[in-house]
Amino acid sequence: MPELDLSDDDILDAMQRIPGYLDITTSDFRELYQLAHAHALERHFRDVRAGRLMRVGIEPLRPGLRMDEAARSLARQGLKSLPVVDDQDRVVGVLTETDFLRRLNADTFLALLLRLLEDAASFGHRCHETAVGAVMSAPAVTVPVGAGFGDIVAAFARHEGRSMPVVDAEGRLRGLLLRKDFLGACGGGLPG
Amino acid sequence: MSALREYLRKMRGTTKGSPPRVSNSEILWSWVGGFLGIAAIAGVGHLFFTGTDLTLMIGSFGASAVLVYGAVRSPLAQPRNLVGGHVLSALVGVTAWKLFGGDPWLAQALAVSTAIALMHATKTLHPPGGATALIAVVGSDQIHQLGYLYVLVPATLGPLVLLVVGLLVNNLAPSRRYPEVWF
């Protein structure tokens, strides 16, 4: 969680708005503020834990799976991305819609539509012959089950996806944390 | 070497500029409070203690007035600190004089240092208390002859007068309230 950086001028301005002599230095105030801020965040977001918010029971993908089967799995589960796991259930990557687009040489969904109009036949072929492992984003950005607010925000900031695999200490898949679930849980805790 | 540099670096200070100057109306209220607070102690002393061995005015009350009327919000100026700081420090000061009066430097140093420690421990830190402890040692023969009576007069009664004036005068000012916390 980035700290709000209070300058001496910020604090002196606030002090001038309060009549009377305030018996505190700007640096003491800043230190107090930052500690209190961290404490308040901890209180607000105590219940925001990856393990509590993740969706369980999702069916992950295998690296050897064909892309067209992977697409069906994504559609069936109503998700924009799925973790890819090895035989020990360890997360080795994430397959997202963006990975599909990249495989089909399109940057955006609209670009894909346009190309589809031009050259329908080659698309099915590209998906049939390609394995998930060759296209997926790897290594995956994951969060541990115990990750709190700050860890989760930092992890989401490190990649473009809308969800993240939640893993145990051995890197095995435990669930999927969706950005919207995370934001929904934070909404109740955010001050103001 | 780096420890020494760090040690010296601390002496540079961390903050640019002191807290802002207060408004003119604040200055006026501080002046009024200080005037009435010290006048009240002088008045009570004149009424009740003229012709006795007791004295109600000691220098440390000037310092208390700075806090109670000039830094109203300060934790150091709250009633617990104002009264508790003087009473405990006076106890320490008289005791130091009685035990170590033969070695004035030792009695003085012990009185002030122990008063600070005791005020810290009891959450009654009030800087003028250090002066009250010191006066018990370096004061006149009249002060010394009071013995532990010094704790009651002036060290309890004086702060109580300042407190009453603080309650009456500080709360007249629209921008002020006193105390922040009683105990």
Problem - Residue under evaluation A:Tyr21, criteria (1) at pLDDT 90 or above; (2) open to solvent by 70 Å² or more (accessible area, probe 1.4 Å); (3) in contact with a Lys or Arg (Cβ under 9 Å, 6 or more places away or on another chain), criterion not met - result: (1)
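Just the residues that are of a type in the set (Gly, Ala, Ser) and modelled with pLDDT under 90, please, taken from segment B:1-18.
To start, the set of residues in segment B:1-18 that are of a type in the set (Gly, Ala, Ser) comprises B:2-3, B:13, B:17-18.
Correct list: B:Ser2, B:Gly13, B:Gly17, B:Ser18.
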Problem - Breaking point among (1) under 17 Å from the mean Cα position of the chain (by Cα); (2) assigned to a helix (DSSP H, G or I), for B:Trp105 - result: (1)
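When only residues in segment A:24-57 that are farther than 30 Å from A:Leu178 by Cβ and touching an Asp or Glu at 6+ places or on another chain (Cβ under 6 Å) count, which is surrounded by the fewest Cβ atoms within 10 Å (Cβ to Cβ)? If you could, list the steps in order and put the result at the bottom.
First pass over segment A:24-57, keeping only residues farther than 30 Å from A:Leu178 by Cβ: A:24-36.
This time we only want the ones that are touching an Asp or Glu at 6+ places or on another chain (Cβ under 6 Å), so: A:26, A:34.
Details: A:Thr26: 22, A:Gln34: 14.
That would be A:Gln34.
Table: residues versus (1) more than 13 Å from the chain's Cα centre (by Cα); (2) part of a helix (DSSP H, G or I).
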position: B:Leu54; (1), (2): yes, no
position: B:Ile58; (1), (2): no, no
position: B:Ser64; (1), (2): no, yes
position: B:Arg73; (1), (2): yes, no
position: B:Arg80; (1), (2): no, yes
position: B:Val87; (1), (2): no, yes
position: B:Gly93; (1), (2): yes, yes
position: B:Gly130; (1), (2): no, yes
Practice task
Tell me which residues, restricted to segment B:24-49, are in contact (Cβ under 8 Å) with a residue 60 or more places away in the chain and under 25 Å from A:Thr25 (Cβ atoms).
Solution key: B:Ser25, B:Glu26, B:Trp29, B:Gly33
Exercise for the section: Go through segment B:1-28 residue by residue and tally those that are open to solvent by 90 Å² or more (accessible area, probe 1.4 Å), within 14 Å of chain A (Cβ to nearest Cβ) and either over 30 Å from B:Ser74 (Cα atoms) or polar (S, T, N, Q) (or both). Expected result: 2
Fill in the blank from the handout: Flagged pairs (Cβ under 8 angstrom, 6 or more apart or on separate chains; first in segment B:172-183, at the interface with another protein chain (Cβ under 9 Å from one of its Cβ atoms); second surrounded by 14 or more Cβ atoms within 10 Å (Cβ to Cβ) and in a loop (DSSP other than H, G, I, E, B)) are B:Ser175/A:Pro19; B:Ser175/A:Gly20; B:Arg176/A:Pro19; B:Arg176/A:Gly20; B:Arg176/B:Val72
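With respect to B:Val161, determine if the residue is more than 19 Å from B:Val83 (Cα to Cα) and in a helix (DSSP H, G or I).
Details: more than 19 Å from B:Val83 (Cα to Cα): no; in a helix (DSSP H, G or I): yes.
Taking the combined requirement at face value, the residue does not satisfy it.
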Exercise for the section: Kindly check whether there is at least one residue in segment A:2-19 that is more than 14 Å from chain B (Cβ to nearest Cβ) and not charged (D, E, K, R). Expected result: yes
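For segment A:20-48, name all the residues that are in a helix (DSSP H, G or I), more than 7 Å from chain B (Cβ to nearest Cβ) and of a type outside the set (A, V, I, L, M).
A:Asp28, A:Phe29, A:Arg30, A:Glu31, A:Tyr33, A:Gln34, A:His37, A:His39, A:Glu42, A:Arg43, A:His44
Restricting attention to segment B:148-167, report how many residues are open to solvent by 10 Å² or more (accessible area, probe 1.4 Å) and touching a residue at least 40 places away in the same chain (Cβ under 8 Å). Break it down into steps so the answer makes sense when it comes.
Step one: list which residues in segment B:148-167 are open to solvent by 10 Å² or more (accessible area, probe 1.4 Å), which gives B:148-149, B:151-153, B:156-157, B:160-161, B:163-165, B:167.
Retained after the next criterion (residues that are touching a residue at least 40 places away in the same chain (Cβ under 8 Å)): B:148-149, B:151, B:153, B:156-157, B:160-161, B:163-165.
Of the residues in that region, 11 qualify.
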Problem - Residue that is of a type outside the set (Gly, Ala, Ser) and either touching a Gly at 6+ places or on another chain (Cβ under 6 Å) or touching a residue at least 60 places away in the same chain (Cβ under 8 Å) (or both), where the choices are B:Thr114, B:Thr95, B:Thr124 - result: B:Thr124
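May I ask you to list the residues in segment B:29-57 that are closer than 30 Å to A:Pro19 by Cα and either surrounded by 17 or more Cβ atoms within 10 Å (Cβ to Cβ) or among the β-branched types (Val, Ile, Thr) (or both)?
Filtering segment B:29-57 for residues closer than 30 Å to A:Pro19 by Cα gives B:29-42.
Passing the criteria: B:Trp29, B:Ser30, B:Val32, B:Gly33, B:Gly34, B:Leu36, B:Gly37, B:Ile38, B:Ala40, B:Ile41.
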Handout entry: Total residues in segment A:122-181, condition among the basic types (Lys, Arg), farther than 12 Å from A:Met54 by Cβ and touching a residue at least 40 places away in the same chain (Cβ under 8 Å)
Key = 3
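The values are calculated or read from the model by the stated rules, or taken from the named source; none is laboratory data. Not measured: the values here are computed from a predicted model. No Cβ is skipped: glycine too gets one built from the backbone with ideal geometry, and neighbour counts run over all protein chains shown. These area figures cover heavy atoms from the full protein model, side chains too; ligands, DNA and RNA do not enter into them. Shrake-Rupley method; radii C 1.70, N 1.55, O 1.52, S 1.80 Å.
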